[in-house]
């Protein structure tokens, strides 16, 4: 389906178009973009090991910071709803951080297991992230994408996030 044809689910049990399970019962949003049955929802406490396994299996070669259980647990504890997951039958197949700093929305750490890619899972996570950030008050969202990651760049471009040619990012590890 094209970007403009996504269908928000609010308060329904099943999508009549593709039978995906919306996450209305968990955090109140979901999108229909795949023929695959999956749920997009907020990650739950205790899922850090599964999220770390997912990131290990689908991590971009451009990611440079280590994935640590204490960081995932802190995110789950302090920013409830900011770590979204796509789940198929209880197995996590995708994840995205959609963080709000009180000023802007930021999305990063999008990962979908290779065997579940090109089925709408990544775009469903992004649209759910947008809804989460909109509810927080965001009116602008930045996606953190490796400049040289052609696959990720093409995905984000197709999702409506063109590369910003005016502002770059400066980073210092502490």
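In table form, for the structure just shown:
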{"read-out": "Residues located in the stretch 148-162, provided they are free of Cβ contacts under 8 Å to residues at least 60 places away in the same chain and under 24 Å from residue 114 (Cβ atoms)", "value": "150, 151, 153, 154, 155, 156, 157, 161"}
{"read-out": "Filtered residues of the stretch 98-126 (kept if crowded, with 21+ Cβ neighbours inside 10 Å and part of a loop (DSSP other than H, G, I, E, B))", "value": "120"}
{"read-out": "Tally, over the stretch 142-162, of residues that are over 19 Å from residue 121 (Cα atoms) and modelled with pLDDT of 90 or more", "value": "2"}
{"read-out": "Residue count for the stretch 129-174, restricted to those that are on the phi > 0 side of the Ramachandran plot and within 17 Å of the chain's Cα centre (by Cα)", "value": "1"}
{"read-out": "Index of the failed condition, residue 60 passing every other in (1) modelled with pLDDT of 90 or more; (2) farther than 14 Å from residue 40 by Cβ; (3) surrounded by 14 or more Cβ atoms within 10 Å (Cβ to Cβ); (4) within 16 Å of the chain's Cα centre (by Cα)", "value": "(1)"}
{"read-out": "Boolean, residue 40 is surrounded by 13 or more Cβ atoms within 10 Å (Cβ to Cβ) and either more than 22 Å from residue 118 (Cα to Cα) or at pLDDT 95 or above (or both)", "value": "no"}
{"read-out": "Residue among 102, 90 that alone is within 23 Å of residue 47 (Cβ to Cβ) and either modelled with pLDDT under 95 or over 16 Å from the mean Cα position of the chain (by Cα) (or both)", "value": "90"}
{"read-out": "Residue, farthest from residue 136 (Cα to Cα), within the stretch 59-97, restricted to residues that are part of a helix (DSSP H, G or I) and in contact with a strand residue (DSSP E or B) (Cβ under 8 Å, 6 or more places away or on another chain)", "value": "72"}
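To keep it simple, each residue is scored yes or no on (1) farther than 21 Å from residue 81 by Cα; (2) part of a loop (DSSP other than H, G, I, E, B).
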residue: 133; (1), (2): no, no
residue: 151; (1), (2): yes, no
residue: 166; (1), (2): yes, yes
residue: 170; (1), (2): yes, yes
residue: 174; (1), (2): yes, yes
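The values are calculated or read from the model by the stated rules, or taken from the named source; none is laboratory data. Being a predicted model, the structure only gives us computed values, none of them experimental. Because the Cβ atoms are built from the backbone with ideal geometry, glycine has one as well, and the counts that use them run over all protein chains shown.
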